[in-house]
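Heads up: the structure comes next, in structure tokens.
Values in this text are rule-based calculations from the coordinates and carry no lab data. Small disclaimer: the values here were computed from a predicted structure and weren't measured. Positions of Cβ are backbone-derived with ideal geometry, glycine not excepted, and every protein chain shown enters the neighbour counts.
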Amino acid sequence: TGVQTCALPIFTDRIRRLESFDDPDGATMFAPARVRISPLSGGKDYDGVPGDDGVTVYVQPIDADGNVVTVGGRLTVQLIDNADLAAPRVVGLVRLQTRDEIRRAWHGRFLTNHYTVRCPWLTGVDPPASRRVDVNVEFVDFLTCTALRAQHTVEIEPPARSPAPAPSETSARRSNGS
């Protein structure tokens, strides 16, 4: 079609320019070499009821020189409750997959270059039983498709557990033989 015919010389010219660079790795010069979970990450109360409702995680892609870089990618945050080391449980999971999700999560202002990910406790799963949760992060950058992982333990305020319902007066009489 006409659009494809017009685009071909543009792409051919771009390829020639890229091939002229002396450094074949120049395209990855600013790619992240690792990912860091900020120590400011931790349990958060999202609903005002006592106890945390999840963990807010601040993720920073870091280049080979130790600088935070603005780079798009896919980001997964997983929260693990290790109260029972024989049976660790996933208690939170968020996946940012689309360009819009990633863009909304990025905060790039003065001293705040990071992704902010709110990771609530999973519905239908008991919240963490301990005051510590392991945060696992995987970031796959769009440029190199390299998967970078980090792990960090954060403190939380466990949600208040609902007390067991008190037996009704009728059921108490039945158990006493009345």
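Points worth noting:
- Here the gap between VAL49 and GLU155, fully extended at 0.36 nm per residue and compared with their Cα-Cα distance, gives a gain of 36.4 nm.
- Label separation (ARG34 vs ASN82): 1.9 nm, computed from points 7 Å beyond Cα along the C-beta direction.
- FRET efficiency estimate (nearest 0.05) - Cβ-Cβ, LEU111 to CYS145, R0 22 angstrom: 0.15
- Segment 59-103: projected area of the alpha-carbon convex hull, averaged over directions, in nm²: 4.5
- Convex hull (Cα only) mean projected area of segment 79-145, reported in nm² to one decimal: 6.5
- Segment 113-154 gives an Rg/Rh value of 1.06, both radii derived from C-alpha positions and Rh following Kirkwood.
- Gain in span if fully extended, THR12 to ARG89, counting 0.36 nm per residue against the direct Cα distance: 22.6 nm
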